[in-house]
Amino acid sequence: MATEKLQFHEMGLDDRLLKAVADLGWSQPTLIQEKAIPLALEGKDLLARARTGSGKTAAYAVPVIQRVLASKQSVREQDVRALILVPSRELGQQVQAMMRQLTAYCSRDVRVADIAGKADVSAQRPILMEKPDVVVGTPSRVLAHLNAHNLLLHTSLEMLVVDEADLLFSFGFEDDLKNLLCHLPKIYQSFLMSATLSEDVQALKELLLHNPVTLKLQGSQLPDSSQLQQFSVQCEEEDKFLVIYTLLKLRLVQGKTLIFVGALDRCYRLKLFLEQFSIPACVLNSELPVQSRCHIITQFNQGFYDYIIATDEHRLADPAAASQAAGKGKKNKARKSKEKEYSASRGVDFQNVDNVINFDFPVTVESYIHRVGRTARADNPGTALSFVAHTETAFLSEVEEALTGDKAESSLKPYQFKMEAIEGFRYRCRDAMRSVTKQAVREARLKEIKQELLNSEKLKTYFEDNPRDLQLLRHDQDLHPAVIKPHLKNVPEYLIPYALRGVVNPLSNHRRRKRPTQKLKPHGVAKSSFKGTNPLRSFRYAKKTANKKPSHSK
Ligand code: AMP
């Protein structure tokens, strides 16, 4: 039976909140807000599966503000009443901004402090001494303040929000979070927001929530197709290299791109392969020192690099998984402490990722959502392209099933292009692959670790005093263990697929951008031709001239 949607003004909210909501132009609550706000106002603990873009921030921010306003009517004393834990600095800023907007008419009664930012713990002390009503921060930063007695929560806290809980785990905040809970009072209301309900999140639910209501709202796992375009393409091992070469070299994929592969060795294999063609890329490797990893992500966010090659995030961040993969007991301890160090300096997250490419298809639905969820964040558009070998089709089906649900259309569209149009490149790719031997991969891994250990030391000491020089250090240097054949650097015109001649502008030399901050735009000729089209679908140009092309497609 269809029921009328509950409106904001029917939720019993303070007039000042309603006015702020009206100023924001929100005519009605989103699905998650409609469900979560009334339950939260009843005092229920909530576990909500909600992603960025669903209106999840206001779904907890509105009840938090309402409760602070209500408390203040009876208790005059100023105290920290709500704590919002976030996995990254950026999310902290977004939450703070949303809180500011919602408290526009009650900012004196509801004071909000964001301590997720870059400032020193000591510099933030004065802010906390004023006992803001709501504190927003990463678990490590909040814990640091609790330990320094800048923040006391064990008597005053009424509400705890853990936002993007799944990322808190994949970012390695688990221990900080557990330690932090010891500083909280026995009774408080909790909200747990998470894009995926992983085992870790379920465990946290047990720890944090009392008789919670779980909201699993349909379709809330990834943005819809108007924001996130998802494609898959069938290709076997050799074709994967051929296709990625074509996409990157002809710049059919544009903008900041995360390329996920199934194992660490493959990261280096792909990097060395691309290096053969003078396509620079960074590897984000869990074995690299913490400072380097944070620096790589920061520089990627600043637009220094276009391509990062990574394995699944839990391998990057979860010490247990990393150790398992390494399988070496003795080294585990060292790695664990390193990871802890990493987590302490966290609050660094990928920003404005335009594309995610699954070079190897993820083996779980959760991992697909994590990877692809890196693009199309907030209101930005994004594209995800997955390469699927015949051995990976079962995983694709699982993802399709989980994402598509009852919808008539499948979530991942076939990425159509004519494989034979790029056959001309196959010989070059094979030539390049011949240089990427197991030995070369091993050497590259070793060389990079040595290089990054040096970088890390420099980063730690020198750059603390000279933050500007941080820009001088790069992580996408050639590793060069393999012979580089100069002719592979350029793309002869006759090899470019007919339909793309004069349209694409191949990446022809090893240009490294110095301080680019803007999103990549198509260059030169490509600019006008690509206008308004999704670069990942550019191969559709092939269709227009189908009569001039070989007729069968892959
Ligand atoms: P979030 O999921 O919290 O990241 O919110 C995504 C975007 O939706 C933000 O830009 C919010 O300002 C916006 N938003 C939140 N609630 C509503 C609503 N009820 N109506 C329209 N936009 C909203």
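The values are calculated or read from the model by the stated rules, or taken from the named source; none is laboratory data. Bear in mind the structure is a predicted one, so any value in this text is a computation, not a measurement. Cβ coordinates were reconstructed from backbone atoms using ideal geometry, including for glycine residues, and neighbour counts include every protein chain displayed. Note: accessible area is taken over every heavy atom of the protein model, side chains too, but ligands, DNA and RNA are not part of it. Shrake-Rupley method; radii C 1.70, N 1.55, O 1.52, S 1.80 Å.
Values for this structure:
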{"item": "Virtual spin-label span in nm between Leu454 and Ser74, 7 Å along Cα→Cβ", "result": "6.5 nm"}
{"item": "Amide H contacts of Thr214 (H built 1.01 Å from N, under 5 Å, at least 5 apart or other chain)", "result": "Leu47"}
{"item": "Value of relative contact order over segment 8-216, rounded to a whole percent, pairs C-alpha under 8 Å and six or more apart", "result": "29 percent"}
{"item": "Mean-position separation - Cα centroids, segment 151-188 and segment 1-79, in angstrom", "result": "21 Å"}
{"item": "Dipole moment magnitude, nearest 20 debye, segment 8-216 about Cα centre, only Lys, Arg, Asp, Glu C-beta charged", "result": "320 debye"}
{"item": "Formal net charge of residues neighbouring Val491 (Cβ-Cβ distance under 9 Å; K, R +1; D, E -1)", "result": "+2"}
{"item": "For segment 145-201: accessible area per residue (Å², 1.4 Å)", "result": "37 Å²"}
{"item": "Rough spin-label spacing in nm, given labels placed 7 Å along Cα→Cβ, for Arg100 and Ala389", "result": "4.9 nm"}
{"item": "Solvent-accessible ranking of Tyr305, Tyr188, Tyr494, largest area first, probe 1.4 Å", "result": "Tyr494, Tyr188, Tyr305"}
{"item": "Spin-label proximity, Asp109 to segment 45-71 - amide N less than 17 Å from point 7 Å beyond Cα toward beta carbon", "result": "61-71"}
{"item": "Cα gyration tensor, segment 35-120 - rounded (a/c under 1.5), prolate or oblate", "result": "oblate"}
{"item": "Modelled FRET efficiency - R0 56 Å, Ser397 with Lys438, Cβ distances, 0.05 increments", "result": "0.95"}
{"item": "Heavy-atom accessible area order for Leu454, Leu500, largest first, 1.4 Å probe", "result": "Leu454, Leu500"}
{"item": "Of all accessible heavy-atom area on segment 8-216, the percent that carbon and sulfur account for (1.4 Å)", "result": "48 percent"}
{"item": "Amide H partners (placed H, <5 Å) of Ser232, local residues excluded", "result": "Ser386, Lys413, Tyr415"}
{"item": "Cross-link reach list, aspartates and glutamates versus Lys447, counting only Cα pairs under 18 Å and skipping chain neighbours closer than eight places", "result": "Asp265, Glu275, Glu287, Glu457, Asp476, Asp478"}
